[in-house]
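Step one of this worksheet: look at the structure below.
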Amino acid sequence: MAAFLQALDNATPMQNGQPSLSVRGAANGRPSARPLTAALRGAGIAAPASGGMEVDRPRRGAANRLERTIGSSSTELPPRGSGPSSRSRTNLPYNRPTSSSAPPSRGSGSAGRASRINPNIDPGRLPQGHIRHTLPGDPEAVNALRAELNKLLASKELEAWIVSRHIAPGQVDLSALDQDPFLRQHNIPGLAHPSAPRAAMANTFWHLLDKMIQKAGTPITTLSLARNSLTNAYQFHNLASRLPHIRALDLSQNNFDSILQLEELLSRGEKRGKATGGGGLKALIELKLDGCPFREKMLASPGGDQKYQHEILKRFPGLLILDQINLNRIVFPIERQAKVILTNEERDKLKARPFTFPVDVQGGLMDDDVVKDFSMSFCAKFFPLFDSDRQQLLPAYAQSATISMSANTPSSYSYLASKLATSKLTRPKPLPMEPWSNLPSRNFLKTIKTAEDRMRTLKMSADSADLVAWWQRVPKTSHPLNDAAKWCFDAFVAGGQGRDTKLCLVVQGEFAEGDSGCLRSFSRTFILADVPEGSAAQAAGWPVSILSDTTIVYGYLSNGAFADDRSLAKHGVTVQPIDVTIATAPPPPAMVSMANPTDPKEAMVRQMMQQTGMNMQFASMCLEQNGWVYDIAVNNFEEIRSTIPPEAFQQ
């Protein structure tokens, strides 16, 4: 952005434009013909434009109630069609064309009465002599402007103008377009002008930038749209698809009064909170919003700096610079890639390729028999009590344990009921997910509105009274305890030695909700430790103590993802193991420093690994980039958790 600002200093100052006006009323110095016309129409007769009279007929349809303008040729509309049904635009607002072929007839009934309504009280038309601005969406103004845009689009003039706005390699300045001499010379208003077809104009600019600059081999990485008086970002909804490589975007000095207006820059998946959703400005790392009303309002509120930064980063998680200020962010050496749009030929090639998987569907993973024994004995005690008496689970949780839950909210049909039903008409309605999504949980899109709520509900301390009250709100469950095929267990050692060993247990399966029999799938992750001597867990007969309990509830997914009897080798799909030779790379500097057991940072890294689930390499990077301040590192980790790549959690 600094290079862009330097290049921008060479720009030429421009002048302001004025909104166009249109005048309604009598024209050409003639007195208004409206009183005479109204009198004739009251008698059921209308005076034609040139001599003679014809009998008035009732008008039908909304097309006949178009706004009528007197005298001005610039606002005349072409006649619709030809023959007796066409209407000529003259200075008589209710004039009908003369037709010698149309047989005379007299209106009667309700249609005849409707034709004699006083024209001055017509709600679809402004009073005589009224002066008004051309309104947004005015068909005449929009069509005229689109015709001008189409004419310019086919010319070399607009292409040369776009190239002149390319002030440096990859840097484009589209600021203050309403003051641009070229656009004013061709009567093209700015993006925020009331009469501008904003989406059409913006799409024209994006198309030309792509055609004249990007396809010439220079991807656009910096774009300025400052000082355009923009009140919304609707015209930006195609920006990401045309210019996906933008890294710096300047929207300063515009009139955005709500941060929600910036969501037009996001893809559909990003609007739903999925940071990796296709499309969007994945390469964006710098954003400038100085002078926008919503920004100034947020910064003026208590704690506005953090709230403003949180709301911006929630929508643009890849930002490193905001309003020319470097953010204190955790940066992993992985770039967010723009969505690749394949051609039909490329899609056909992919479809023609046979599907091949390196491994087949397999069951659960157990490190060894000791891990398996601990895991199975824990599950055999935990899940029956969770279904019958959850209060007896309290001794199993350590005093510092945390518990968290999230619900994947699409409605779930009962799988068993669906099998029994003969058609969709007799299938029972799905149960809503609100009993799960309304729980105090980490469902940010459903329950979290502020940064404080987000940090407070990421994890809840397992206080006995609070945990019992929370479990009472969790719907009753019934797990299939006698069917091993509906369960999948993955257990492995997460770290530590001796009595400090931590065990990670991931349980996937299904349960029936309440008395309805509606099935739901779940994934539950436990961090387990050895039972302390003399603890309540040991007295209650628990083999391990729970340090962390994280649950995700889904609609019913069946056990196809982990059933041993469901092979992928069918319908032309093959399973071909791949010989992979893994080269031993030198450890990163952060891991080399871990070799010293007396280093005080080692304990901090292991604590970060335990709390976040990241491996040693990424935990070290996280702490190092935050100056080895543990609290700041954890807070920043939670801010960008959804954007962290999966390899950060592979042990």
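Bear in mind these aren't lab numbers, they're just calculated from the coordinates by the rules spelled out. Only a predicted model underlies this, so the values are computations on that prediction, with no experimental measurement involved. We place every Cβ from the backbone using ideal geometry, glycine too, and count neighbours over all the protein chains shown.
Points worth noting:
- Phi-derived couplings, Karplus 6.51 cos²θ - 1.76 cosθ + 1.60 at θ = phi - 60°, listed residue by residue for region 625-641: 6, 10, x, 6, 9, 4, 4, 5, 5, 5, 4, 5, 4, 5, 5, 10, 4 Hz, with x used for Gly and Pro.
- Computed 3J(HN,Hα) for region 517-522, one whole-Hz value per residue from the Karplus formula 6.51 cos²θ - 1.76 cosθ + 1.60 where θ = phi - 60°, is x, 5, 8, 9, 9, 8, glycine and proline marked x.
- Shown for 230, 266: other C-beta atoms within 10 Å of each C-beta, ranked fewest to most, produce the order 266, 230.
- Footprinting exposure proxy for 220, 341 (fewest neighbouring C-beta atoms within 10 Å first): 341, 220
- Amide H within-cut-off set for residue 366, under 5 Å, with H built and near neighbours excluded: 491
- Over 24 Å between alpha carbons, listed pairs 282/307; 372/486; 215/314; 486/570; 314/601; 372/502: 215/314; 314/601
- For region 547-562, putting each phi into the Karplus relation 6.51 cos²θ - 1.76 cosθ + 1.60 with θ = phi - 60° gives couplings of 9, 8, 9, 10, 10, 10, 10, 10, x, 5, 10, 6, 10, x, 6, 9 Hz, in residue order, rounded to whole numbers and with x for Gly and Pro.
- Low-density loop positions, trypsin sites (Lys or Arg not before Pro), region 206-250 - DSSP coil, at most 14 other Cβ in 10 Å: 215
- Multiplying the residue separation of residue 260 and residue 361 by 0.36 nm and subtracting their alpha-carbon distance yields 32.0 nm.
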